[in-house]
Amino acid sequence: MRTYQIAVLPGDGIGPEVIAEGLRVLEAAARAEGGFGLKTDTLAAGAQEYLWSGKPLPDRTLDGCRAADAILLGAMGLPDVRWPDGTEMVPQIELRFVLDLYAGIRPIRWYPGVPAVLAQKQPEQVDFVVVRESTEGMFASLGGGVVLRDEVATDQQVITRKGTERVCRAAFGWARRRAQERGRAGRVTCVDKANVFRSMAFFRKVFYEVAAEFPDVAADHEYVDACAMKLVRQPERFDVLVAENLFGDILSDLGPGLIGGLGLAPSADIGDAAAVFQPTHGTAPDIAGQGIANPLATILSAAMMLEWLGDRHADARVAGAGRRIHHAVEQGLAAGGLRGPDLGGEFTTEQIGARVAGAIAGGA
């Protein structure tokens, strides 16, 4: 029986609370499916770790992440803990650069039982994925921008052929996978600002070159501003969107606004040799310790982690455990039993995690 090594980085604010429920559900899914094991190693990282040790991402944590089969991460950063230049501690972004996690996968899906956000739309039509390039774009200026004489500030955008090709291939791969699962043609939309920036025109050019490698998947493009409007008015027209880092970051938060909030939005940052799975939301220090944070984004991120491990290692049991989690969340939301205060319900963080774990155990 194979045992998978999972590095766990709880982080700051509500991070430890939602991670605890993610681990509870992971353990239940592993027991229910059987045939594999999980060994977790909890590692320190985040703004609070910086206050304690002087490093938001200690060397031991990096070593543990490199040695792990996958990484489950809570939220990191606190608004009052900043570098001298005024920027926040973002060790989760540093991890993407260190481990070369170039494809940020942000699934956006409405679940039955969740109050509809847009009354004029059929909420079940909201089902798309944002694929965000995570190592280039505007984020390449992390720690490297220039402020000149307190008068001029500059950050530089970086777009490379290699970076664009690989993230676009990842997007087309996800579209192909979704098409097979749903029994219909896939589509990838390039989201850019190619009418203004040469770097974006280059991004689009490379996108269409990669599209030629996937003749079974349709390809089109949208300017980011028009895309934002259409996601609100016509979300059903989108399948997979691929975008530069900053644009992808913004759309990754717009999407959850269509489905009930960030508490339902999982994510993965995937490279060729490693992957981090985490909720899309932040640390929410204003509600930390109150037991009202929605753990479902973390639980769904844990499910994505199992499915990725299953695909990577051709392990049907670990992938099956991931599907068990998805099914338990879907059924629980449809029955109205997993709604916390953010969704108009009264269940606590711990109660939601326990209910998902219980549903998995009961359906074993």
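Throughout, read-outs are computed from the coordinates displayed, never taken from laboratory work. The model shown is predicted, which means the values in this text are computed figures rather than measured ones. Neighbour counts are summed over all protein chains in view; Cβ atoms, including those assigned to glycine, are modelled from backbone coordinates with ideal geometry.
Worth a mention:
- In sequence order, calculated HN-Hα J values of the range 28-40 (Karplus, 6.51, -1.76, 1.60; Hz; x Gly/Pro): 5, 5, 5, 5, 5, 7, x, x, 7, x, 10, 10, 9
- Calculated mean residue ellipticity, 222 nm, the chain: -13500 deg cm²/dmol, from DSSP H runs (n ≥ 4) at -39500 (n - 2.57) each, averaged per residue and rounded to 500.
- Near the amide H of I108, within less than 5 Å, lie the amide hydrogens of F128, V129, V130, all on another chain or at least 5 residues away, with H placed in the peptide plane.
- Kirkwood Rh and Cα Rg combined as Rg over Rh, evaluated for the range 162-261: 0.95
- Along the axis of the charge dipole computed for the chain (Cβ charges of +1 for Lys and Arg, -1 for Asp and Glu, origin at the Cα centre), the listed residues A68, Q156, A288 are led at the positive end by A68.
- Reach of K193 by Cα under 23 Å, taken over lysines that are not fewer than 8 positions away in the same chain: K162, K205, K230
- Global geometry of the range 236-364, whether rounded, prolate or oblate, following the gyration tensor of its Cα atoms and the 1.5 cut on a/c: oblate
- Tensor-based shape of the range 62-189 (alpha-carbon gyration tensor, a/c under 1.5 rounded, otherwise prolate or oblate): prolate
- Rounded Å value of the spacing that divides the Cα centres of the range 87-155 and the range 310-346: 23
- Candidate values (1) 0.95; (2) 0.99; (3) 1.05, label of the one derived for Rg/Rh (Cα atoms, Kirkwood Rh): (1)
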